[in-house]
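Heads up, the thing below is written out as structure tokens.
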Amino acid sequence: MRDHVTRREYNDWVSECAALAIACGYPVQRSMIHDSVGLIMGQDQYAAFVNGLWSREPYELFAIFEALNEPAIEGLPKAGLAWAEYGGLCDKLMIVHPGKFCSPHYHWRKTEYYEVVLGEMDVFYAPEIINDGQLEIAIDDMINHKTMPRGDRWPDRVVLPNGREGSYERLTEYRCLRPGDPKFVVHRKHLHAFGCPRDALTPVVIREVSNYSHEPTTVGKAGLLEAWQHIHDNNFLHPGLNESRLSNTIVDG
Ligand code: RUU
Ligand code: CO
């Protein structure tokens, strides 16, 4: 079984995505290109590199170029500090190859919205906050928890990654987003995932704007507020993913 990506495969992938991002007018700086750009979502997903990124086989991996991740605590009243981790500003570009996915997850703190820059985006989500033991979400405490808009039926053409089907079960709603569509908001604590249609001519290029992203891949987090350093706000449903996403296994070759 493939348990790594070679340096050449990884660099080719990230370089292709960077070129696409730049062609789309995104402000890619050299400092935004590093070994956490390409996210390989779990040990079993390295198999995606056997036949290459363009095989259209279903796997969970995609690229993120983060242009801004700003805590935005300057000027906040001290009394607001406890809630500042729910705020902030983040702007990133995500690129998903045909047939590939971002794995189902939710964020305790982060609300995000998407604008498709190029191609088509398949979005899968749960319209309600799902209140069960596994997610440890208590609805009663919230200011408001209005549901997200209903989506469409999942198209028959969607082929999910092997062994990951269960984690998509509660994401009953589907939307296909295209350039020029209204911004699509995913509220905090709602399950979501997305992918690029298998038969697409281009990877899908998505601009995501959100509150501050508390995540392990965040560069420069060390200088931030002490209290934020332990926070990983991406909660993936597939077992073990929260940890395995921390770093990629890239070997010489
Ligand atoms: C997209 O839904 C996203 O939240 C990205 O911003 C990454 O943090 C992982 O998933
Ligand atoms: Co998300």
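Annotation for region 80-180: chymotrypsin sites (Phe, Trp or Tyr not before Pro) lying in DSSP loop with at most 10 further Cβ atoms inside 10 Å of their Cβ do not exist. Using the Cβ-Cβ distance between A67 and D156 with R0 set to 25 Å, the FRET efficiency from 1/(1 + (r/R0)^6) comes to roughly 0.10. Extending 7 Å from the Cα toward the beta-carbon at both K146 and Q134 defines two label points whose distance is 2.9 nm. Write down the percent of antiparallel bridges among all DSSP beta bridges whose residues are both part of the chain, to the nearest 5. So the antiparallel bridges amount to about 90 percent of the total.
Tally Lys/Arg at +1 and Asp/Glu at -1 over every other residue whose Cβ is under 15 Å from the Cβ of I206; what's the total? Once positives and negatives cancel, what remains is -2.
Counting only other residues whose beta carbon sits under 10 Å from that of L53, what net charge do I get with K and R as +1, D and E as -1? Here the count lands on -2.
Each Cα pair under 8 Å and six or more residues apart adds its separation to the average, and for the chain the resulting relative contact order is 30 percent.
Pairs of Lys residues in the chain that lie 8 or more places apart, or on two chains, and have C-alpha atoms under 17 angstrom apart add up to 8. Count Lys and Arg as plus one, Asp and Glu as minus one, and take only other residues whose Cβ is under 10 Å from that of N131; the net charge is then -3. In percent, rounded to a whole number, the relative contact order of region 64-205 is 41, using alpha-carbon pairs under 8 Å and six or more apart. Peptide packing for 3-12, 25-34, 58-67, 149-158 was compared via the average number of neighbouring C-beta atoms within 10 Å per residue; ordered from the highest value, the list is 58-67, 3-12, 25-34, 149-158.
Since every read-out is calculated from the coordinates, none of them should be taken as a lab result. These numbers were taken from a predicted model, which means no experiment stands behind them. No Cβ is skipped: glycine too gets one built from the backbone with ideal geometry, and neighbour counts run over all protein chains shown.
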